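Bear in mind these aren't lab numbers, they're just calculated from the coordinates by the rules spelled out. This one's a predicted model, so the numbers in the text were calculated from it and none came from an experiment. As a convention, Cβ positions derive from the backbone with ideal geometry for all residues, glycine included, and neighbour counts pool all protein chains shown.
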Amino acid sequence: MESWIRLLSYANLAGAIHALVQSLLLAFTGRGRRRANRFMALFLLALAVLMTNGFIGILGWYDRWPVLSILIGPLVLTFSPLFYFYVKAMSNGEYRWRPWDLVHFVPFLAGLAFWSAFWVFRGVERIRPAVLDGWIRSPWIPVGVMAGIQVAVYVPIMVRRLREYSRAIKASYSTLDGINLRWLKWRLGVFGLIWGVGLVFMAAGWFDRRAISLVGQVVPFLIAVNTFVTGYRAMLQPDVLFGLAEEGLGRRYERSSLSPENAALYKARLLDTMEREKPYLDAEITLPKLAQGLNVPLSHLSQVINEQLGRNFYEFINGYRVEAAKRRLLRSGAGQAKLITIAFECGFNSLATFNRVFKELAGRTPSEFRSNPASS
């Protein structure tokens, strides 16, 4: 076991350097949601420090400077809160840090207290009550249990928030083919699974110190791999994960400067452009791109579509696409036309998306509509 611990310690040291570099890049980047980037930078920094745990042990620094274990031991209790705040800031551009949010780090402070007591009372023969004595002499036990509880609480909350964010994305995008956040929910599930397996392994070994040491190397290593995979996967859709409009997806119009006169003007300009220029035929059309083409402020265009037309951007654009598809399906000889050809002609970028959106907005699939257009 010692050889495995040593090997993982060196592997984790390399991962710590990687995490530190990513942390610095996110901390100083000006792109995308800066507040979310700062939380992820803190998460990666905590992960980088924890991953040096084994190497510090090999060097004997914990015996030389006990304060290191006091600082590093409870760091694992910052993972779930920091990732939660990252998801919260990423999915809500209006999110602001509040002093009350510090309550999420109470378990971390409790972990600091247990590790501090471990060194302060290490020479005391017995501490009462007996449960407290066990926790103080083995602070990794309460820290591990609290970390497991955190994961069980935070992961479902983050998955629910991402589900809400997936729906809110429709306010800016007309197609969701490349904007699927299920993969991130799976990564959160893997994060929870890693902790669950680690806790089971520690419990099976009766929280023996050698078992704890091995788990202390394996868990950060797997979390690092999961985090790096998440980061690199996110690069495939950076507009959603890192660069979605800073206006946010929540209460955007409370302090809007849009006057009723301008709202009517923008609405008329929008509808006229949709009929004459047909921007919905562009499969990659987005709210910012349409706003730029209309020379209308992004937030004002969003407000017009939401409040004046009673739709989100996704429904608005795809409504035009579905109507265009209906017209093509009703043409003479349309029975011989391939559905995928009609889909591309109407602005859809795949047959699967065409079928799904058409049924979502028209109540029937394109094939059903073509075979019986008069059916309600």
* To do: Subtracting the Cα-Cα distance from 0.36 nm times the residue separation, let me have the gained length for D282 to F121 in nm, one decimal.
  => 51.0 nm
* Rg(Cα) of region 260-371 divided by 2.2 N^0.38 Å? -> 1.13
* Asked: Which net charge results when you count Lys and Arg as +1 and Asp and Glu as -1 among the other residues whose beta-carbon is under 14 Å from that of T365?
  -> +3
* Using θ = phi - 60° and the Karplus relation 6.51 cos²θ - 1.76 cosθ + 1.60, list the HN-Hα couplings for region 261-274 in order, rounded to whole Hz, with x at every Gly or Pro. => 5, 5, 4, 5, 5, 5, 5, 5, 5, 5, 5, 5, 5, 4
* Structure fact -> Among T353, F316, S371, the residue whose Cα sits farthest towards the positive end of the charge dipole of region 260-371 (+1 at Cβ of Lys and Arg, -1 at Cβ of Asp and Glu, taken about the Cα centre) is S371
* Structure fact -> The size of the Cβ-based charge dipole (Lys, Arg +1; Asp, Glu -1) of region 260-371 about the Cα centre, to the nearest 20 debye, is 480 debye
* Structure fact -> Nearest-0.05 FRET efficiency for A27 and N372 at R0 = 51 Å, using Cβ-Cβ distance, is 0.30
* Anything over 28 Å Cα to Cα? Flag those among K278/K359; K88/K267; K278/K338; K338/K359; K267/K289; K289/K326, in the order listed. => K88/K267
* To do: Multiply the residue gap between A110 and R161 by 0.36 nm, knock off their C-alpha separation, and tell me the result in nm, one decimal place.
  => 15.6 nm
